[in-house]
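Undergrad: One structure, as structure tokens, below. Some questions next.
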């Protein structure tokens with residue numbers, strides 16, 4: 001502290017920047033604002049920004065920056081002090097059910113749908129779902145650009161009750177919470193999150209991995225996904241529009257995310273958790289994040305007599321940005337067909353998709369994410385970015401840097417050879433058994 005500085009922020013994030021520095025104990029921090037947006041602008045347009053005025057203060061931007069970096073700090077600007085956050089009282093009420101519902105809504109503790117009020121009796125019942133003590137710290141999580149919050153087993157239990165979970169679901173929710181992965185994030189991209197559950201626990205919890213597997217047809221799938229959202233909101237400070245959530249349009253999947261149980265019995269391939277290094281009999285949840293999932297059926301150049309599903313997957317993948325990975329969600333009918341075509345393992349299919357879902361270097365370089373994230377990696381000599389940026393514009397390269405950016409799971413009820421593709425990146429797999 002005490003050293004003059006000025007972060008540069010686009011004017012679209014004025015309120016967020018002011019609020020952020022205040023919460024971090026620097027309410028008088030000097031901030032320089034630029035016009036918005038900066039993405040997709042040419043070097044000449046960006047230079048015009050710099051040579052123009054700060055759109056907030058109206059002062060010449062470069063002069064403002066120089067002054068901010070050279071003028072001594074005033075006594076007011078030297079003041080510091082962090083804002084301390086409290087999780088609130090242990091108990092609310094007594095009151096009517098209607099008033100308590102409204103209290104939770106008004107204080108930003110819900111997804112604005114009715115909740116199960118977390119009475120002491122309901123929370124105590126939820127805690128029976130795990131052998132871990134109520135005061136044990138589960139992990140930390142941050143839904144925005146602030147230091148992460150920590151939380152206990154009991155605090156996670158409260159949110160599980162609110163979401164409508166049963167005690168037997170609780171180990172899954174604790175496993176997700178222990179990963180530190182919020183399902184509400186502050187990026188301007190309207191992120192979606194997904195969880196794939198493997199192991200015998202799928203049947204113990206009556207999860208739906210057959211007909212309508214991605215629909216609202218199982219309490220376990222729906223409630224566990226909702227609990228992830230409420231944990232992210234209440235225990236990670238996530239989901240506050242304009243503060244810890246900046247998705248321009250938002251994502252409907254944020255209500256209860258994508259909770260998928262792999263149809264292991266109907267799949268000809270090893271399940272996802274085995275691919276990630278776990279044993280088949282273990283219960284595991286694997287997390288993904290990205291932009292969501294879209295249906296894909298009947299791609300170009302195929303016939304019903306000789307369906308080429310790998311080509312259909314690749315066709316759908318071709319519209320993905322490449323910033324996130326590619327997740328194939330295939331009905332067992334498709335998986336069986338692919339096995340008959342020689343893809344007796346998921347790895348063989350992934351190898352084909354990686355090599356055959358391609359783009360030109362010119363198209364790759366034209367994307368904002370490549371310039372903002374991959375080009376700096378290329379300058380540092382990291383592969384494959386260094387090689388890709390040295391290639392001619394008409395050269396053809398894979399859509400993803402690594403074959404591991406592609407994942408495949410099998411679910412569905414075999415009523416139709418249907419698949420969906422998710423612009424989703426795998427992040428981590430966590431043991432559920434650890435939290436029983």
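The values are calculated or read from the model by the stated rules, or taken from the named source; none is laboratory data. Quantities reported herein were computed from a predicted structural model and do not represent experimental measurements. Reconstructed Cβ throughout: ideal geometry from the backbone, glycine too, with neighbour counts over all protein chains shown.
Undergrad: Taking the condition at pLDDT 95 or above and part of a helix (DSSP H, G or I), does residue 274 pass?
TA: yes
Undergrad: Please indicate, with yes or no, whether at least one residue in segment 179-201 is surrounded by fewer than 17 Cβ atoms within 10 Å (Cβ to Cβ) and under 16 Å from residue 220 (Cβ atoms).
TA: yes
Undergrad: Moving on. If we scan segment 122-129, do we find a residue that is within 21 Å of residue 223 (Cβ to Cβ), exposed (fewer than 14 other Cβ atoms within 10 Å of the Cβ) and touching a helix residue (DSSP H, G or I) at 6+ places or on another chain (Cβ under 7 Å)?
TA: yes
Undergrad: So which of 412, 381 ends up being buried (at least 20 other Cβ atoms within 10 Å of the Cβ), at pLDDT 95 or above, over 23 Å from the mean Cα position of the chain (by Cα) and not in a helix (DSSP H, G or I)?
TA: Exactly one residue qualifies, and that residue is 412.
Undergrad: Return yes when residue 342 is assigned by TED's automatic domain parsing to the domain that holds residue 134, out of contact with any strand residue (DSSP E or B) (no Cβ under 6 Å at 6 or more places or on another chain) and over 30 Å from residue 178 (Cβ atoms) and no when it is not.
TA: Answer is yes for this residue.
Undergrad: Would you mind stating whether residue 261 is under 21 Å from residue 328 (Cβ atoms) and assigned by TED's automatic domain parsing to the domain that holds residue 117?
TA: Yes, satisfied.
Undergrad: Moving to a separate point now. Run down 267, 286 and say which single residue is touching a strand residue (DSSP E or B) at 6+ places or on another chain (Cβ under 6 Å), at pLDDT 95 or above and in a strand (DSSP E or B).
TA: Checking each option against the conditions leaves just 286.
Undergrad: Only residues that are in a loop (DSSP other than H, G, I, E, B) and modelled with pLDDT of 85 or more: list them for segment 37-52, please.
TA: Within segment 37-52, just 52 meets the criteria.
Undergrad: Quickly run through segment 345-367 and pick out the residues that are closer than 30 Å to residue 41 by Cα and either assigned by TED's automatic domain parsing to the domain that holds residue 421 or touching a strand residue (DSSP E or B) at 6+ places or on another chain (Cβ under 8 Å) (or both).
TA: Across segment 345-367, the qualifying residues are 357, 358, 359, 360, 361, 364.
Undergrad: Looking at the structure I just gave you, is residue 239 surrounded by 19 or more Cβ atoms within 10 Å (Cβ to Cβ), touching a helix residue (DSSP H, G or I) at 6+ places or on another chain (Cβ under 9 Å) and at positive phi?
TA: yes
Undergrad: Can you name every residue in segment 339-367 that is part of a loop (DSSP other than H, G, I, E, B) and within 16 Å of residue 400 (Cα to Cα)?
TA: Listed by number, the residues that qualify are 357, 366, 367.
Undergrad: Would you point out which residue out of 179, 186, 190 is assigned by TED's automatic domain parsing to the domain that holds residue 116, under 16 Å from the mean Cα position of the chain (by Cα) and closer than 28 Å to residue 274 by Cα?
TA: Going through 179, 186, 190 in turn, just one is assigned by TED's automatic domain parsing to the domain that holds residue 116, under 16 Å from the mean Cα position of the chain (by Cα) and closer than 28 Å to residue 274 by Cα: 179.
Undergrad: Could you go through segment 211-230 and let me know if any residue there is buried (at least 23 other Cβ atoms within 10 Å of the Cβ), in contact with a helix residue (DSSP H, G or I) (Cβ under 9 Å, 6 or more places away or on another chain), at pLDDT 95 or above and not in a helix (DSSP H, G or I).
TA: The answer is no, given that none of the residues of segment 211-230 is buried (at least 23 other Cβ atoms within 10 Å of the Cβ), in contact with a helix residue (DSSP H, G or I) (Cβ under 9 Å, 6 or more places away or on another chain), at pLDDT 95 or above and not in a helix (DSSP H, G or I).
Okay, residues lined up against (1) farther than 19 Å from residue 429 by Cα; (2) in contact (Cβ under 8 Å) with a residue 12 or more places away in the chain:
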site	(1), (2)
130	yes, yes
147	yes, no
158	yes, yes
168	yes, yes
178	no, yes
183	no, yes
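Undergrad: Could you please give the count of residues in segment 384-404 that are under 28 Å from the mean Cα position of the chain (by Cα) and part of a strand (DSSP E or B)?
TA: So the count comes out to 2.
Undergrad: Can you name the condition, by its number, that residue 310 falls short on among (1) surrounded by 18 or more Cβ atoms within 10 Å (Cβ to Cβ); (2) modelled with pLDDT under 90; (3) farther than 27 Å from residue 164 by Cα?
TA: Looking at each condition in turn, residue 310 falls short on (2).
Undergrad: Of all residues being closer than 27 Å to residue 254 by Cβ and surrounded by 10 or more Cβ atoms within 10 Å (Cβ to Cβ) in segment 63-96, which is modelled with the highest pLDDT? Just the residue, please.
TA: So, considering only residues that are closer than 27 Å to residue 254 by Cβ and surrounded by 10 or more Cβ atoms within 10 Å (Cβ to Cβ), the one modelled with the highest pLDDT is 92.
Undergrad: Still on this structure: Pick from 336, 370: which is outside any loop (DSSP other than H, G, I, E, B), out of contact with any strand residue (DSSP E or B) (no Cβ under 7 Å at 6 or more places or on another chain) and within 16 Å of residue 269 (Cα to Cα)?
TA: So the residue among 336, 370 that is outside any loop (DSSP other than H, G, I, E, B), out of contact with any strand residue (DSSP E or B) (no Cβ under 7 Å at 6 or more places or on another chain) and within 16 Å of residue 269 (Cα to Cα) is 336.
Undergrad: Ok, one more. Go through segment 9-32 and give me each residue that's modelled with pLDDT of 85 or more and within 20 Å of residue 144 (Cβ to Cβ).
TA: Listed by number, the list holds a single entry, 31.
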